[in-house]
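The values are calculated or read from the model by the stated rules, or taken from the named source; none is laboratory data. What you see is a predicted model; the values in this text were computed from it and never measured. Cβ placement follows ideal geometry from the backbone for every residue including glycine, while neighbour counts extend to all protein chains displayed. Side chains are part of the model used for accessible areas, which takes the heavy atoms of the whole protein and leaves out ligands, DNA and RNA. Shrake-Rupley method; radii C 1.70, N 1.55, O 1.52, S 1.80 Å.
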Protein chains: 2
Amino acid sequence: MTSIISPDGTFSTETGATDRLLTPGEVARIFGVDPKTVNRWALTGKVPSIRTPSRQRRYLESEVRALLRGPGAFGA
Amino acid sequence: MTSIISPDGTFSTETGATDRLLTPGEVARIFGVDPKTVNRWALTGKVPSIRTPSRQRRYLESEVRALLRGPGAFGA
DNA sequence: AGGAAATCGGGTAATTAGGGTT
DNA sequence: GTTGTCCTAATTACCCGATTTC
């Protein structure tokens with residue numbers, strides 16, 4: 001899976017699908033947790049993350065949504 | 001029922017109403033029960049839940065409100 | 001260029017999951 | 001069948017100041 005960064009900040013794949021980059025705060029609101037918790041997920045390898053040149057983290061929307069749909073994400 | 005994740009992290013329904021996520025403790029206080037009881041409601045399928053990558057549960061406020069309005073809102 | 005908001009780090013207190021039990 | 005409590009380990013939330021982003 002190769003991704004290309006466009007000037008508008010989106011990610012493009014070979015399929016043409018665009019992938020938005022989410023901030024820690026956005027991911028945090030999705031899961032109802034603190035932004036710090038999202039960073040901890042990145043540190044423990046639960047979520048892949050991209051770092052800005054200033055060490056801030058960004059997350060691929062597709063990865064986040066995959067976690068939401070992950071095994072056991074809904075239901076019990 | 002289809003939920004859509006907005007850029008701000010909220011869940012939207014077709015009605016346009018946004019949904020925020022509640023912690024087990026918040027749901028427990030709403031119903032005046034122990035958080036463990038809320039946990040069991042999720043396990044028995046009485047209320048749908050979202051799981052964090054670390055297996056903790058979050059609850060859609062709209063689902064919780066629906067339960068408050070009367071039994072039988074889900075399933076039976 | 002100035003200000004408000006967000007995101008780093010660390011450190012510590014509070015919450016949660018899960019099992020077994022009452 | 002349902003709920004509340006006890007226990008431990010794991011996870012998360014809130015505190016601070018400094019840095020980055022918009």
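General remarks:
- Copies compared at B:GLY25 - label distances in nm, ascending, label defined 7 Å from Cα in the Cβ direction: 2.3
- Solvent-accessible surface ranking, highest first, for A:LYS46, B:LYS36 at 1.4 angstrom: B:LYS36, A:LYS46
- Remark: accessible surface ordering of A:LEU43, B:LEU68, A:LEU22 (largest first) is A:LEU43, B:LEU68, A:LEU22, probe radius 1.4 Å.
- Sequence-distant lysines (8 or more away, or on other chains) whose Cα lies within less than 18 Å of B:LYS36: B:LYS46
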